[in-house]
Amino acid sequence: MGEHKTLLAVLVALFTVASLYACGGGDGGGGSGGGPAGSTTVSAYVTDDLGGYDSVVLTLNSVQLRHPSGRSCEIIRGPLVMDAAELGRDEIVEHVDTTTCEAGPYNRLHVEVDDDVTLRRTINNQRVTDACKFVSYYDDNSARPNRLACTSGVCALDVTGAVNLVAGGHEHVALDADLKQFIVDYSTTPCEVTLKVSPLRAEDKLAAGYRMSLSGTVSSLDTAADSFTLTVAGNPYKVQYAGVTDQGGLDTLLGRAATDGLRTTVRCQTKNTSTTPPTCTAQTVLTQPLKAIAVKAKGTISALDTGLHTFTLGYGASTTLPVNYTKATELGKVEGTLANGAGAEVKLHGFNLDHFLAREVEVK
């Protein structure tokens with residue numbers, strides 16, 4: 001018998017759609033201008049809340065706006081690996097892509113994901129990882145909208161709901177999909193996961209208290225002014241981080257991120273689109289479980305010292321990064337078995353003495 005999770009306030013994806021025109025009123029996201037006449041600039045965001053799981057990692061391959069006439073526009077171009085549970089826990093709306101679409105009405109979102117999905121749970125104070133597969137959801141053995149359908153390693157979901165992209169204006173439209181059933185069957189090998197959604201029109205989640213998360217590359221770092229440029233899907237944001245006071249050695253970490261081109265995520269307390277480029281003021285709420293700024297690095301472990309909780313991460317031709325993972329151990333965020341020669345991904349939040357500080361380590 002499968003395990004049924006009824007999830008409250010759950011989103012599969014939230015898309016803020018900003019219509020820009022030569023005479024239009026301003027910028028709706030990370031872009032500095034609109035597309036040609038009759039087109040719309042679309043900024044795409046994702047958020048989710050898969051309650052009951054520590055982590056739900058899936059790969060989003062594509063999201064398209066579609067209309068029965070054949071008009072379509074891809075607004076998220078994958079592959080995008082995301083942890084749906086993490087986004088929901090911290091009430092994050094993550095900006096992932098920006099593109100230009102033909103103006104006009106659309107009546108559904110077409111979402112494609114890999115069939116691989118990794119679930120992590122805590123059972124009796126022990127973390128359990130399950131490598132599962134998405135499978136089709138059929139109530140009566142027929143494909144229908146808002147239900148997952150899988151074939152040849154790819155799963156698709158058509159989420160019904162009207163989105164109207166208006167040329168010549170400045171539109172902000174949120175399309176919300178309330179996830180009604182997220183079903184996991186642990187009796188099979190591998191375990192199977194499926195879902196269906198009930199689409200609805202939502203209020204603006206940002207106005208309701210959700211914060212925007214931006215991920216990209218760091219440049220133009222000014223440590224005296226506590227600012228840098230973060231380029232997200234080709235669009236620049238100016239990040240102000242003077243209020244971030246609980247991440248020691250942050251200047252050093254950001255410098256390394258800029259030098260090595262490491263993917264950096266910023267959680268914005270506020271966002272100002274009236275500036276050029278738009279300005280993100282980094283989160284200053286210290287009680288949040290996730291830090292305001294995180295830097296991700298992937299490489300190979302060497303010089304492992306399990307007593308001191310340190311290792312060296314190597315990547316690129318000859319780049320090395322000294323890592324201290326004491327905090328990750330305290331938080332129970334070391335996944336897999338650490339070993340010299342193993343591949344690993346770390347999430348860094350600061351620097352102390354001669355090591356970069358990791359809050360999460362995952363052995364690949």
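In this structure, P36 qualifies as surrounded by fewer than 17 Cβ atoms within 10 Å (Cβ to Cβ), part of a loop (DSSP other than H, G, I, E, B) and modelled with pLDDT under 55. Checking each residue in segment 340-355 for being open to solvent by 10 Å² or more (accessible area, probe 1.4 Å) and either within 19 Å of S55 (Cβ to Cβ) or touching a residue at least 12 places away in the same chain (Cβ under 8 Å) (or both) picks out N340, G341, A342, G343, E345, K347, H349, F351, N352, D354, H355. One residue is enough: does segment 158-178 have a residue meeting the conditions crowded, with 19+ Cβ neighbours inside 10 Å, at pLDDT 85 or above and in contact with a Leu (Cβ under 8 Å, 6 or more places away or on another chain)? Checked segment 158-178: at least one residue is crowded, with 19+ Cβ neighbours inside 10 Å, at pLDDT 85 or above and in contact with a Leu (Cβ under 8 Å, 6 or more places away or on another chain).
Residues of segment 102-121 being assigned to a strand (DSSP E or B) and more than 22 Å from the chain's Cα centre (by Cα), which ones? Step through it out loud before you land on a result.
Step one: of segment 102-121, the residues assigned to a strand (DSSP E or B) are 102, 104-121.
Result: E102, G104, P105, Y106, N107.
Looking at C150, C155, C132, just one residue is in contact with a Cys (Cβ under 6 Å, 6 or more places away or on another chain) and modelled with pLDDT of 85 or more, and that residue is C132. Assess whether T337 counts as being within 17 Å of S215 (Cβ to Cβ), open to solvent by 20 Å² or more (accessible area, probe 1.4 Å), over 18 Å from the mean Cα position of the chain (by Cα) and not aliphatic (A, V, I, L, M). So T337 fails the test. Scanning for something modelled with pLDDT under 95, more than 27 Å from T245 (Cα to Cα) and small (G, A, S), does segment 342-351 turn up at least one residue? Scanning segment 342-351, I find no residue that is modelled with pLDDT under 95, more than 27 Å from T245 (Cα to Cα) and small (G, A, S), so the answer is no. G248 - would you say it is among the small types (G, A, S), at pLDDT 90 or above and under 24 Å from R77 (Cα atoms)? The answer is no for G248. Where strands (runs of 3 or more DSSP E) fall wholly inside segment 206-267, the ranges with 2 or more residues that are in contact with a Lys or Arg (Cβ under 7 Å, 6 or more places away or on another chain) are 211-222, 227-232. Within segment 302-337, if we keep just the residues that are touching a residue at least 12 places away in the same chain (Cβ under 8 Å), part of a loop (DSSP other than H, G, I, E, B) and hydroxyl-bearing (S, T, Y), the residue that is farthest from H349 (Cα to Cα) turns out to be T337.
Is there a residue in segment 61-84 that is modelled with pLDDT of 70 or more, in a helix (DSSP H, G or I) and under 27 Å from E335 (Cβ atoms)? Yes; the residues of segment 61-84 include at least one that is modelled with pLDDT of 70 or more, in a helix (DSSP H, G or I) and under 27 Å from E335 (Cβ atoms).
The values are calculated or read from the model by the stated rules, or taken from the named source; none is laboratory data. This structure is a prediction, so every number in the text was calculated from the model and none was measured. Methodologically, a virtual Cβ is constructed for each residue, glycine included, from the backbone with ideal geometry; neighbour enumeration extends over all protein chains shown. Quick note on the areas: whole protein, heavy atoms, side chains included, nothing else; ligands and nucleic acids left out. Shrake-Rupley method; radii C 1.70, N 1.55, O 1.52, S 1.80 Å.
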